[in-house]
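Reviewing the structure listed below.
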Amino acid sequence: MGSITQDEGISLSFIGCGNMGSAVASGLLSAASGSRTDEVQPKYSIGKIYARVNSDSSAKNLKSAFADHAAKLTVLRTSCAEAMDKAEVVVLGFKPYMVQEVLEQPGVLDALRGKLVISLIAGVPVEVIERYLIGSSNDSSQRDKLPHIIRVMPTLGATVKESMTVIQLPRETVPQEGIELTKWMFSQIGRVKVLTQPSFDIATTLLGASIAVTTVLLDGMLDGCVAEGMKRSDAREIAAQCLLATGKLLLEHEDESPSSLREKISSPRGVTIQALITAEKGAIRGTAAQAIINGTQHTKTMSS
């Protein structure tokens, strides 16, 4: 991996910039434009960001969404190889089913040679990405062209710099500079945790389910509030703040657990314990556990 240029900041090329890619790009650009409260010079900075998309409508939507960052973000409709060639760091942000189609395109392997590649593709191991890059070739010179790949899974919280990003522990062949840069990038948009592959696959499910499944439960609670006479907008604000507080309590107090929080707010003959009993009758705990198990099992089949 070549030395990262810092004169004008790090250049990034997003190959595919859908919901997750846009969230990461948005968070990085917002962090780059925000004012610093300390006097410490950061080790890295974000320079130019390129976003390669498939359609004119996607290009139009991105340009509109990033109008405030037009000087730093360029939307491309070029080939994937051309877009990859423009930047020092390449972020793979397309869907898992597109892996073969994108990576086997002419010129892609040469464009990625020796670069840091950050994969946001759920369920696709590094070995699979490498296999599509070199095809069926057993030529050692082809393997020498392979980039340094790090798997990363952020959340939509990146948009508001509140992502929980997990990074799969990279291979020993990945340069330390690439690892540090990856950690730095995603620390700009939230928390970062490095995990081994088995835990990374589980975390991939947990990251999505923590938002998606919780919003289903939240919708049900809001429906209940409306049924009892409260405006949905008021209920939404109250519940959202409670979720935010719950997260902070668990993160900032290591001695707290979900069960200890429940015990603290469940008074004898109180309304909270009645709500909990009703939820448990609906097998909410077992259903949530099975959702994670099923999601994790599905993750293991996505690259097959």
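Please verify whether ALA209 is without any contact (Cβ under 8 Å) to a residue 24 or more places away in the chain and small (Gly, Ala, Ser), treating the condition exactly as stated. Outline the logic, then answer.
On the way: without any contact (Cβ under 8 Å) to a residue 24 or more places away in the chain: no; small (Gly, Ala, Ser): yes.
When the stated conditions are applied, ALA209 does not pass them.
Have a look at ARG171, ARG151 and point out the one that is closer than 20 Å to ILE202 by Cα, in a loop (DSSP other than H, G, I, E, B), of a type in the set (D, E, K, R) and in contact with a strand residue (DSSP E or B) (Cβ under 9 Å, 6 or more places away or on another chain). Let's see the steps before the verdict.
Numbers: ARG151 fails: in a loop (DSSP other than H, G, I, E, B).
Checking each option against the conditions leaves just ARG171.
For region 82-99, filtered to residues that are out of contact with any Ser or Thr (no Cβ under 6 Å at 6 or more places or on another chain) and within 22 Å of MET302 (Cα to Cα), the residue that is surrounded by the fewest Cβ atoms within 10 Å (Cβ to Cβ) is TYR97.
Residues LEU169, LEU133: which one is farther than 22 Å from LEU28 by Cβ and in contact with a Leu (Cβ under 6 Å, 6 or more places away or on another chain)? First the steps, then the outcome.
Values: LEU169 fails: in contact with a Leu (Cβ under 6 Å, 6 or more places away or on another chain).
LEU133 is the lone residue from the list that is farther than 22 Å from LEU28 by Cβ and in contact with a Leu (Cβ under 6 Å, 6 or more places away or on another chain).
Whether a residue is in a helix (DSSP H, G or I) and either in contact with a Cys (Cβ under 6 Å, 6 or more places away or on another chain) or more than 24 Å from SER30 (Cα to Cα) (or both) was assessed, and GLY220 passes this test.
Just one residue in the set GLU180, GLU162 is over 16 Å from GLY21 (Cα atoms), surrounded by fewer than 19 Cβ atoms within 10 Å (Cβ to Cβ) and in the same structural domain as ASN19 (by the TED database); that residue is GLU180.
Looking at VAL117, VAL124, VAL102, which is the one that is in the same structural domain as ALA31 (by the TED database), touching a residue at least 40 places away in the same chain (Cβ under 8 Å) and outside any loop (DSSP other than H, G, I, E, B)? It is VAL102.
The values are calculated or read from the model by the stated rules, or taken from the named source; none is laboratory data. All values reported here derive from a predicted model rather than from experimental measurement. Every residue, glycine as well, gets a Cβ built from its backbone with ideal geometry; the counts of neighbours run over all protein chains shown.
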